[in-house]
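The values are calculated or read from the model by the stated rules, or taken from the named source; none is laboratory data. Since we're looking at a predicted model, the values are computed, not measured. Neighbour counts run over all protein chains shown; Cβ positions are idealised from the backbone, glycine included.
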């Protein structure tokens, strides 16, 4: 069972390719081919052999039979309208713990909610949430601890948690205050409340949420259906003050509801109603804090003001939702309405900022601004004008370097004016400085020159790795010497990334596991740099690149939960940088790769918005072509953009468009290969483009083009084989190309 | 074993869907505002829900057999009359989870085909790819999972130790 745990996404892709190839062969040919493969990769050969055996045993292409013929069932029952029928009651338990069940209040993805009667110590109606067993079922100890923490929340605006327990069969339940009310949005609509009344309800809501935040509890799932409004019945005739009650505070985390939800989401790209209230970081499954609640409050405020959601995400896939949230302003509708433009637009915009760091610091601050608006006082949050911030950002930078220069000048002049003793001290200091710089220059020499020069030398992986290890030891030592020098941290992060690159591309077999700790540390160092020196645009960019690399390694490890989140973090940073400095080639180039990676990732997840992301990428590549036509990396980006478009069209069966893009990709890849015939990356790109073109051309190309494509593919594979003779993929490529060339009609 | 779950055509028996549909509605009705722009979208979502229903049930069932707790009668008792057993489903689940890691697209195809009964064409339309792509991945993934199962049962191991 040695191989069981170690199969990676890369292995599987390869398995698919080889299987296709084998399936076309006669059985004696299969056997000899399998024998060849076995020499290179015994595990692969073994599993392929079993797959072929199973297929021949169970007859040609044994069909998978569905366990439930759901599609058929719905076809039949379309007319009967089962949704309207009350679900049968056998599922209603008579009692949950000591609580007598009266009726069912709701159904949820991880559990159901019942109205129940409590007899002791007080007689009152309660709401009981009974959880199903699920694979995310929290262990009972943690559950008890968290339930106790939640029950300590005591605020008139929060439905109180009374009790928690476990059924005999192990299903946990929670007992909560029963709230007889209606969702806040429905109350506003049905009673046609005016804007001031709505804003006052919103402020009450904020008070409740702020209270919980101060107690360290985040709601995580704020939405109108969790915010009920009740009326004080005693005072009904005098239109008693409506009371906001937030239900399910902190429950989402306790029950694992969101974890389950996110898994469903990422696997399905389905968007449910609640998605509209999720901050981008929640959409991506990252860790959240109070600022996720602030985002949701921003969405709710928008809804109370306009009766509509800021973004229409209904029925969108995860990829599409991300595109909308990344590209569209949440306050478009407010800006279009004269009565909402200005303060309220600014408040919603700040609450819903994509980047949590730019949102309100606290719910209290948000509520205060709404209250100020009601009192006709100026609000505190500034309009998030990109240009204002941007200009300031650049100006401050320029100023900073001018100031540094001035101080340096003063220091230098100062040296000549001091007495001997001080001069000696300074000289000693200078000597230390000189040595330090010399050592760093040496390490920089290793990093940039030796290691990269060796890249071209076949089989140099091991030497490069030991050089890198030595270099890392040094850069780490420099940090101990000068923990506050950004350039030392910068060098170290660079070395970490270089080491990860080396493990992933410079050696064979690739070592993705080995690369992981390096990219994790690199991100940590880069985050520190970007945080401590926020005015340095290059540190922002390098942070984005570190996220990208961490995402890449997670992808190669088959760890797909965090991949999109990291790519999206990089995208956000690069979008901002491109806005700040539209003339920078590097920012634009990086932005291209972000779109490209997200598209490729979503495609693998079967999300059909991949095409749209690749179209965005192509747009950026064309912008690169317009501004920087002669740069070789523009050529690289263009070949990448076109090959992905070609593959997108190919999977959709649009052969003409696929071929068109494939030809363009080939054009650029050939050019790249001419300029840099020895770069590993460009050689690999050339091979990849040639292979895709070869496949696409089989569908719709002329014989001449087929031959041309195959020849290119063979050459590209041979070149790869030469620098990585141990990698069986290239050897097999050559063999494949040879066979295809021998029988061109296959 | 999972292979049995995938094949299960020995008796040519497919479960009666009505009961499952009821449970599905129970779960869907609780979510409030859900929008499914097309039947394909709905079926894809339902496939996943059914998968969790069946797997949860199988887990509970096995736990009860060991612990001897109170019986909760639900529709899935029908499973016992079919030829798929709970351990089959759970093993299939393990394999699907692996596939989700290394090739999520294939895992979704299997899920929609096996748990939702969607046709290759429906799946292809839903995912925006050709049915050729769907067929290829379904075939390879299915054989892959079965091959791995066989591998496991050929070698000495402790079947009860997993999960």
Given (1) modelled with pLDDT of 90 or more; (2) crowded, with 18+ Cβ neighbours inside 10 Å; (3) more than 34 Å from the chain's Cα centre (by Cα), identify the lone condition not met by residue A:658. (3)
Quick one: which of A:213, A:219 is assigned by TED's automatic domain parsing to the domain that holds residue A:303, in a helix (DSSP H, G or I), modelled with pLDDT under 95 and within 26 Å of residue A:371 (Cα to Cα)? A:213
The lone condition residue A:675 fails out of (1) under 24 Å from residue A:15 (Cα atoms); (2) modelled with pLDDT under 90 is (1)
Tally of residues being modelled with pLDDT of 85 or more and in a strand (DSSP E or B) across region A:139-172: 4
Scanning region A:696-708 for residues that are more than 36 Å from the chain's Cα centre (by Cα) and part of a helix (DSSP H, G or I) gives A:700, A:703, A:704, A:705, A:706, A:707, A:708
On the given criteria, is residue A:102 over 38 Å from the mean Cα position of the chain (by Cα), at pLDDT 75 or above and in a strand (DSSP E or B)? yes
What tally of residues in region A:305-338 results from selecting those that are over 30 Å from residue B:44 (Cβ atoms), touching a residue at least 24 places away in the same chain (Cβ under 8 Å) and surrounded by fewer than 21 Cβ atoms within 10 Å (Cβ to Cβ)? 4
Determine, yes or no, whether residue A:326 is in the same structural domain as residue A:186 (by TED's automatic domain parsing) and either in contact with a helix residue (DSSP H, G or I) (Cβ under 7 Å, 6 or more places away or on another chain) or modelled with pLDDT of 85 or more (or both). yes
Quick check on residue A:571: is it over 23 Å from residue A:7 (Cα atoms) and buried (at least 22 other Cβ atoms within 10 Å of the Cβ)? yes
Within region A:50-58, can one find any residue that is more than 11 Å from chain B (Cβ to nearest Cβ), loosely packed, with under 12 Cβ neighbours inside 10 Å and either more than 26 Å from residue B:109 (Cβ to Cβ) or at pLDDT below 80 (or both)? no
Can you tell me which residues in region A:724-746 are more than 17 Å from residue A:40 (Cβ to Cβ), touching a residue at least 24 places away in the same chain (Cβ under 8 Å) and surrounded by fewer than 19 Cβ atoms within 10 Å (Cβ to Cβ)? A:741, A:744, A:746
Confirm whether residue A:499 is farther than 30 Å from residue A:683 by Cα and within 25 Å of the chain's Cα centre (by Cα). no
Against the condition out of contact with any strand residue (DSSP E or B) (no Cβ under 7 Å at 6 or more places or on another chain), at pLDDT below 95 and closer than 26 Å to residue A:600 by Cβ, how does residue A:515 come out, does it pass? yes
Counted residues in region A:519-551 being without any contact (Cβ under 8 Å) to a residue 40 or more places away in the chain and crowded, with 18+ Cβ neighbours inside 10 Å come to 11
Kindly indicate whether residue A:718 is assigned to a helix (DSSP H, G or I), surrounded by fewer than 22 Cβ atoms within 10 Å (Cβ to Cβ) and at pLDDT 90 or above. yes
Go through region A:602-634 and give me each residue that's surrounded by fewer than 22 Cβ atoms within 10 Å (Cβ to Cβ), in a helix (DSSP H, G or I) and within 14 Å of chain B (Cβ to nearest Cβ). A:604, A:611, A:612, A:615
